């Protein structure tokens with residue numbers, strides 16, 4: 001079921017491919033900004049920001065290029081990110097991130113998921129900072145995460161734990177509002193628990209350090 005949902009989301013993202021905002025330069029020197037919604041060997045159809053549909057013959061067009069100064073990263077976003085985590089255990093999780101790209105380079109998001117380790121469920125809540133290398137529709141970016149993992153079950157024994165991670169990723173915007181992300185990184189978790197009734201001494205605290213390698217692919221919506 002999860003695989004089918006991911007396939008549908010990827011199909012929706014690719015359906016917008018080619019509908020990025022472009023500048024169409026005509027041979028008479030005029031420039032039109034809008035999305036190229038149809039293009040063939042005879043004509044090009046452009047949808048402008050005000051909703052108008054303009055049609056030009058191919059022999060009227062000099063070039064079609066990215067909009068000068070346009071920032072594909074700026075503004076709020078939602079990132080849906082399935083990932084595979086390997087280490088002492090191998091598991092698959094789904095992370096949700098909501099945030100904002102502040103400018104051409106920097107962005108921040110709040111992320112959450114539900115993860116299981118040693119038959120105990122935990123809720124990781126974290127802040128992610130990211131830095132885009134290029135101001136382009138396709139660019140690598142660096143992400144750093146820091147937060148806490150809160151227990152969901154067995155609350156008397158399981159305690160919250162610190163998490164810290166980093167990753168190197170790639171984003172490819174297929175339209176002004178959709179993109180695909182892929183990446184890999186490392187995450188450290190410090191899990192804390194109290195002893196069970198069968199463990200002595202009862203006043204001890206058990207600390208478990210977990211090192212994970214993560215591979216992820218996701219969709220970003222703007």
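Okay, here's what the table says:
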item	result
Cα gyration tensor of region 16-66 - equivalent ellipsoid semi-axes, whole Å, descending	15, 12, 10
Mean projected area (nm²) of the alpha-carbon convex hull when region 75-221 is viewed from all directions	8.5 nm²
Residue-span extension gain [residue 135 to residue 119] - 0.36 nm each, minus C-alpha spacing	1.4 nm
Net lengthening on full extension, residue 177/residue 93 (0.36 nm per residue, minus Cα-Cα)	27.8 nm
Most to least packed among 53-61, 75-83 [average Cβ atoms within 10 Å]	75-83, 53-61
Distance histogram in 5 Å bins (all Cα pairs of region 57-154, percent per bin)	3, 11, 16, 19, 14, 11, 8, 7, 4, 3, 2, 1, 1, 0, 0
Isotropically averaged projected area of region 114-154, using the convex hull of Cα atoms (one quarter of hull area), nm²	3.9 nm²
Full-stretch length increase - residue 209, residue 57 - with 0.36 nm per residue and alpha-carbon distance subtracted	48.3 nm
Spin-label pair residue 45/residue 159, simplified geometry with 7 Å Cα→Cβ offset, distance in nm	6.4 nm
Interatomic Cα distance distribution for region 100-186, bins of 5 angstrom, percent	3, 13, 19, 21, 14, 11, 8, 6, 3, 1
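Any read-out appearing in this document is the output of simple, stated calculations on the displayed coordinates, not a laboratory observation. Since this is a predicted model, take the numbers as computed values, not measurements. Cβ coordinates were reconstructed from backbone atoms using ideal geometry, including for glycine residues, and neighbour counts include every protein chain displayed.
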